[in-house]
Amino acid sequence: MKKISLALTAVFVLAMACGGGGTPDQVVKKFFNALENADGNALVACLSEEALEDMNEGLEELKESPEESVAFFAMMDVEITTDEIENMTAGDFISAILGSEVFSDERTDFSDIEIGEAIIDEEEGDAKVLVTIDGDTEEFELVLEDGNWKIDDGMDFM
């Protein structure tokens, strides 16, 4: 798990919703498919509005210091220009991180992932899904937004 913590910590700091409906556990599966395929836009589609706000705040910080951001990406063997940073979306950022050589080399094998059934609280409009990878279990918290389940929290262990 520690192998991917740097890249996913960056994603977590800047990110936190999968559209198209489905059950909470299906949304978590979509999230991991997006993670495995380095598809930032699909991953962003799995996140709640609040998580996206947090991500966009972090992205704006990157845009405030584009030269430093270029250096940050260079540490992960991602070549990017200051112009690309200034026009970067949350999906672009996540795709860059997930597609980086550092992340690719250290990526956890998600073939043995166990995604539990959702525990839905209809009254509160939220759900919890337990995810186990390599013996570590974390709880993903999801919220219902406009009829779609979105991941609001739970990426701490990645």
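Read-outs: derived from the displayed coordinates by stated rules, not from any lab. Treat the numbers as computed from the prediction; the structure is a model and nothing was measured. Here Cβ is always computed from backbone atoms with ideal geometry, including for glycine, and neighbour counts include all displayed protein chains.
Taking 0.36 nm per residue of sequence separation and removing the Cα-Cα distance, the Thr23/Asp83 pair yields an extension gain of 17.7 nm. For segment 53-119, taking Cα atoms only, Rg and Dmax work out to 14.7, 45 Å respectively. Close amide-amide hydrogen proximity is noted between Ala118 and Asp25, each under 5 Å apart and 5 or more residues distant or on a separate chain (H modeled in the peptide plane; Pro and chain starts excluded). Each residue of segment 50-61 is assigned a 3J(HN,Hα), and the resulting list reads 5, 5, 5, 4, 4, 4, 5, 4, x, 5, 5, 5 Hz, derived from the Karplus form 6.51 cos²θ - 1.76 cosθ + 1.60 (θ = phi - 60°), x at Gly and Pro.
Of all GluC sites (Glu not before Pro) in segment 19-86, which ones are in loop regions per DSSP and have a Cβ with at most 11 other Cβ atoms within 10 Å?
Glu79
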